[in-house]
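Notes for the one structure printed next.
The values are calculated or read from the model by the stated rules, or taken from the named source; none is laboratory data. Values in this document were obtained by computation on a predicted structure and should not be read as measured data. Positions of Cβ are generated from backbone atoms using ideal geometry, with glycine treated the same way; all protein chains shown enter the neighbour counts. Ligands, DNA and RNA are excluded from the accessible area calculation, which covers all protein heavy atoms including side chains. Shrake-Rupley method; radii C 1.70, N 1.55, O 1.52, S 1.80 Å.
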Amino acid sequence: MPAVIAGTGVAAPPNVVTNDDLTRIMDTTDEWIRSRTGVASRRFVDPGTATSDLAAEAARAALADAGVSGDEVDMLVCATMTPDRHNPGIAGSVQHKAGLGDAATFDLRQQCAGFLFGLDLADMLISTGRAGTVVVVGAEVHAGYLPWGDAWQIVLGSTDRAPTAGERALATHHRSWSVLFGDGAGAAVLREQAAATPRSLASPEGILNSVLRTDGAHADLIEVPGLGSQQRPYADAAQITAGLHHPAMNGASLYRLAVETMPAAVCEALEAAGCELDELDLVVAHQANDRILDGARRRLGVDASVMPSNIEHWGNTTAATLPILYHELRQQGRVAAGSLVAFTSFGAGAHWGAVLYREPGGTEAA
Ligand SMILES: CC(C)(COP(=O)(O)OP(=O)(O)OC[C@H]1O[C@@H](n2cnc3c(N)ncnc32)[C@H](O)[C@@H]1OP(=O)(O)O)[C@@H](O)C(=O)NCCC(=O)NCCS
């Protein structure tokens, strides 16, 4: 039996930072950020809130939405590129904080494509009978690696202090990537179709198929080059001074690859399922940049009503963009029973793909 999404949930951090707020610490403008990325504001957690806290909150909300208790969860899949600490991963902490009993856990490291790979993993676990209920979470706290140090209070407007020349120079040096990102978490509860919608169906529902791809030759297009086993020692002051703990990004190459690969994966998934492009009701795509979404829309020949965006108020929340957007669309009543939905993403590594999904509750068999 394929897996269906029985519930979704989101954790939204409390601190909203607008583009104008960012001008307090770096040389940028609202106009530059909006026109190049589509982002108007993003959210950040308070200090002390870790990725696993946001992930657990989203998981609990998704379980409540599905009407499933924590001890019914067989497995938990957590995708993040901003774990609480170097090791272990966050999944054990999320299991504990969300009250998921002794559910087995996985940590995924596919960055922006993490939730997409998690959906496919959940489907494999459920369709092979290894699990009946799987929670998939995408969660990020990017706040920690933004190069704003003590200037965070300036960004948040909670001090009258002006940034030092050094703080302003550092923030401006990193402005091309730092303006993109925000914190957030989203989760989905996946269950065997029969358990979630006990009805006899005329056409298959749930996850129909997946196309997942990795090309490790592109691993350096966006990376955090320091603080790992390729360094000895893996952490030292020299790496921090050199800024190797911050992401380094080749924005133009990422843009080109994302615009090509996401539509290609959606078309491949549709073809494998015997479906046509014009049968697609919704494309839930990674929210990296509105211009990437525009390029992908043009390639697929769909408009923003089919491939919507919420990057304006969230920024790029990496592994969390798909579940947050999908949750919001469900809440807005834009996900109808029987709809054909394509999830698609592109992430550092490089990892990309598409998961094709038929919403449950479609036409009943005669
Ligand atoms: C990041 C991105 C918006 C940058 O846009 P771009 O047009 O390529 O901009 P560039 O990096 O070439 O910089 C152009 C100019 O804008 C400046 N600039 C960069 N960031 C800026 C900012 N936040 N505010 C103002 N100016 C900025 C640069 O310094 C540069 O100035 P210069 O010409 O005087 O040197 C774009 O490359 C992109 O969206 N790429 C995809 C990134 C992505 O999605 N990453 C996540 C992957 S999962």
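Please work out which residue is most open to solvent (accessible area, probe 1.4 Å), limiting yourself to the range 206-235 and to residues that are among the charged types (D, E, K, R) and at pLDDT 95 or above.
Step one: list which residues in the range 206-235 are among the charged types (D, E, K, R), which gives 213, 215, 220, 223, 232.
Going one step further and asking which of them are at pLDDT 95 or above, we end up with 213, 215.
Values: Arg213: 95, Asp215: 55 Å².
In this case the residue turns out to be Arg213.
Could you tell me which residue of the range 314-366 is most open to solvent (accessible area, probe 1.4 Å), considering only residues that are out of contact with any Gly (no Cβ under 7 Å at 6 or more places or on another chain) and free of Cβ contacts under 8 Å to residues at least 40 places away in the same chain?
Gln331
Hey, does the range 84-103 have a residue that's in a loop (DSSP other than H, G, I, E, B), within 16 Å of the ligand (Cβ to nearest atom) and open to solvent by less than 70 Å² (accessible area, probe 1.4 Å)?
First, pick out the residues of the range 84-103 that are in a loop (DSSP other than H, G, I, E, B): 84-90, 99-103.
Next, only the ones that are within 16 Å of the ligand (Cβ to nearest atom) stay: none.
The answer is no, given that none of the residues of the range 84-103 is in a loop (DSSP other than H, G, I, E, B), within 16 Å of the ligand (Cβ to nearest atom) and open to solvent by less than 70 Å² (accessible area, probe 1.4 Å).
Counting just the residues of the range 294-326 that are within 13 Å of the ligand (Cβ to nearest atom) and more than 15 Å from the chain's Cα centre (by Cα), which one comes out nearest to Ala265 (Cα to Cα)?
Going through the qualifying residues, I end up with Ala296.
Got a sec? Which of Asp74, Asp65, Asp30 is crowded, with 17+ Cβ neighbours inside 10 Å, among the acidic types (Asp, Glu) and over 18 Å from Gly184 (Cβ atoms)? I'd like the intermediate steps shown before the answer.
Details: Asp65 fails: over 18 Å from Gly184 (Cβ atoms); Asp30 fails: crowded, with 17+ Cβ neighbours inside 10 Å.
Testing whether each residue is crowded, with 17+ Cβ neighbours inside 10 Å, among the acidic types (Asp, Glu) and over 18 Å from Gly184 (Cβ atoms) leaves just Asp74.
In the range 85-105, is there at least one residue being in contact (Cβ under 8 Å) with a residue 60 or more places away in the chain and more than 19 Å from Gly9 (Cβ to Cβ)?
Just the residues of the range 85-105 that are in contact (Cβ under 8 Å) with a residue 60 or more places away in the chain, to begin with: 86.
Within this subset, residues satisfying the condition of being more than 19 Å from Gly9 (Cβ to Cβ) are 86.
Yes, the conditions are met somewhere in the range 85-105.
Residue by residue, here is whether (1) touching a His at 6+ places or on another chain (Cβ under 7 Å); (2) more than 16 Å from the ligand (Cβ to nearest atom) holds:
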position: Val211; (1), (2): no, yes
position: Leu221; (1), (2): no, no
position: Gly226; (1), (2): yes, yes
position: Tyr234; (1), (2): no, yes
position: Leu244; (1), (2): no, yes
position: Ala248; (1), (2): no, no
position: Ala258; (1), (2): no, no
position: Val266; (1), (2): no, yes
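What is the residue count in the range 105-145 for residues that are open to solvent by 10 Å² or more (accessible area, probe 1.4 Å) and assigned to a loop (DSSP other than H, G, I, E, B)? Even if it seems obvious, please write down each step before you answer.
Filtering the range 105-145 down to residues open to solvent by 10 Å² or more (accessible area, probe 1.4 Å) leaves 105-112, 117, 120-121, 123-125, 127-130, 132, 141, 143-145.
If we keep only those that are assigned to a loop (DSSP other than H, G, I, E, B) as well, we get 109-110, 128-130, 132, 141.
Residues that pass the stated criteria total 7.
Working only within the range 264-299, note down all residues that are open to solvent by 60 Å² or more (accessible area, probe 1.4 Å) and part of a helix (DSSP H, G or I). Give the derivation first.
Narrowing the range 264-299 to residues open to solvent by 60 Å² or more (accessible area, probe 1.4 Å): 268, 271-272, 274, 276-279, 281, 291, 294, 298-299.
Hits for the range 264-299 are Glu268, Glu271, Ala272, Leu277, Asp278, Glu279, Arg291, Asp294, Arg298, Arg299.
Within the range 156-193, track down each residue that is of a type in the set (A, V, I, L, M, F, W, C) and either assigned to a loop (DSSP other than H, G, I, E, B) or assigned by TED's automatic domain parsing to the domain that holds Gly315 (or both). Walk me through how you get there before you give the answer.
Filtering the range 156-193 for residues of a type in the set (A, V, I, L, M, F, W, C) gives 156, 162, 165, 169-171, 177, 179-181, 185, 187-190.
Selection gives Leu156, Ala162, Val179, Leu180.
Just checking, does the range 94-105 include any residue being under 23 Å from His286 (Cβ atoms), assigned by TED's automatic domain parsing to the domain that holds Gly149 and in contact with a strand residue (DSSP E or B) (Cβ under 8 Å, 6 or more places away or on another chain)? Spell out the reasoning first.
First, the residues of the range 94-105 that are under 23 Å from His286 (Cβ atoms): 94.
Filter once more, so that each one left must be assigned by TED's automatic domain parsing to the domain that holds Gly149: 94.
Those still in the list that are in contact with a strand residue (DSSP E or B) (Cβ under 8 Å, 6 or more places away or on another chain) too: 94.
Yes, there is a match, as at least one residue in the range 94-105 is under 23 Å from His286 (Cβ atoms), assigned by TED's automatic domain parsing to the domain that holds Gly149 and in contact with a strand residue (DSSP E or B) (Cβ under 8 Å, 6 or more places away or on another chain).
Say we look at the range 1-33 and pick out the residues that are touching an Asp or Glu at 6+ places or on another chain (Cβ under 8 Å) and within 16 Å of the ligand (Cβ to nearest atom); which of these is farthest from Ala337 (Cα to Cα)?
Among those residues, the one meeting the criterion is Ile25.
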